[in-house]
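What follows is a single structure, written as structure tokens, with notes after it.
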Amino acid sequence: MELMNEPQSLYDTIGGEGKLREMVDRFYDLMELEPEFAVLRALHPPSTDGSRDKLFWFLSGWMGGPDAYIERFGHPRLRMRHMPFAIGTTERDQWLRAMAWAMEDVGIAEPLRVRLMESFYQTADWMRNHPH
């Protein structure tokens, strides 16, 4: 019997594993294909396979799905793990633009996109470690 008042996780709301993977893959595809994301792309290794998996695993747990990232690597420590990379407003804004575009391309409903972008902005802005 399903509980009527049980809140649905973001993971379930977005469409679970398949939709989240599609969104993350589109995000990295855009980063690789679109010149406007060149600065962001340059921060990543030649192959984005590992980055794709890590973002997928992280977002899965963050959205209330399987905690695959924590199971593999422990606490995300996002800011610490990104310290070796100069992240300024350009990098933040490119990340946010690519994610917004990816969510739209894979059909995430606008109210959910807005909700996610508010959270993504807060985190992306907090990650800045460079003045520009």
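The values are calculated or read from the model by the stated rules, or taken from the named source; none is laboratory data. Everything numeric in this text was worked out from a predicted model, so none of it was measured. As a convention, Cβ positions derive from the backbone with ideal geometry for all residues, glycine included, and neighbour counts pool all protein chains shown. Quick note on the areas: whole protein, heavy atoms, side chains included, nothing else; ligands and nucleic acids left out. Shrake-Rupley method; radii C 1.70, N 1.55, O 1.52, S 1.80 Å.
Mind listing whichever residues of the stretch 109-132 are over 12 Å from the mean Cα position of the chain (by Cα) and among the aliphatic types (A, V, I, L, M)?
If the condition is that a residue be over 12 Å from the mean Cα position of the chain (by Cα) and among the aliphatic types (A, V, I, L, M), then Ala109, Leu112, Val114, Met127 are the ones that fit.
Restricting to the stretch 107-132, count the residues that are assigned to a helix (DSSP H, G or I) and either under 15 Å from Leu40 (Cα atoms) or open to solvent by 60 Å² or more (accessible area, probe 1.4 Å) (or both).
Looking only at that region, the number is 10.
Can you say whether Ile87 is in contact (Cβ under 8 Å) with a residue 40 or more places away in the chain and among the aliphatic types (A, V, I, L, M), as far as the supplied structure shows?
yes
Regarding Tyr69, is this residue assigned to a helix (DSSP H, G or I), within 19 Å of Gly107 (Cβ to Cβ) and open to solvent by less than 50 Å² (accessible area, probe 1.4 Å)?
no
Filter the stretch 72-84 down to the residues that are part of a helix (DSSP H, G or I) and of a type in the set (A, V, I, L, M, F, W, C), then identify the one that is least open to solvent (accessible area, probe 1.4 Å).
From the stretch 72-84, those part of a helix (DSSP H, G or I) are 72-73, 78-82; that's our starting set.
Still in the list and also of a type in the set (A, V, I, L, M, F, W, C): 73, 78, 80.
On the way: Phe73: 81, Leu78: 41, Met80: 116 Å².
Looking at the filtered set, the residue picked out is Leu78.
For the subset of the stretch 45-66 comprising residues that are open to solvent by 70 Å² or more (accessible area, probe 1.4 Å) and part of a loop (DSSP other than H, G, I, E, B), which member is farthest from Phe120 (Cα to Cα)?
Pro46
Condition first: open to solvent by less than 30 Å² (accessible area, probe 1.4 Å) and touching a residue at least 60 places away in the same chain (Cβ under 8 Å). Now tell me which residues in the stretch 11-44 satisfy that. It would help to see each step written out before you state the result.
At the first step, the residues of the stretch 11-44 found to be open to solvent by less than 30 Å² (accessible area, probe 1.4 Å) are 11, 14, 16, 20, 23-24, 27-28, 30-31, 37, 40.
Correct list: Ile14, Met23, Val24, Phe27, Leu30, Met31, Phe37.
For the subset of the stretch 85-106 comprising residues that are among the charged types (D, E, K, R) and open to solvent by less than 60 Å² (accessible area, probe 1.4 Å), which member is nearest to Met117 (Cα to Cα)?
Taking the candidates together, the pick is Arg92.
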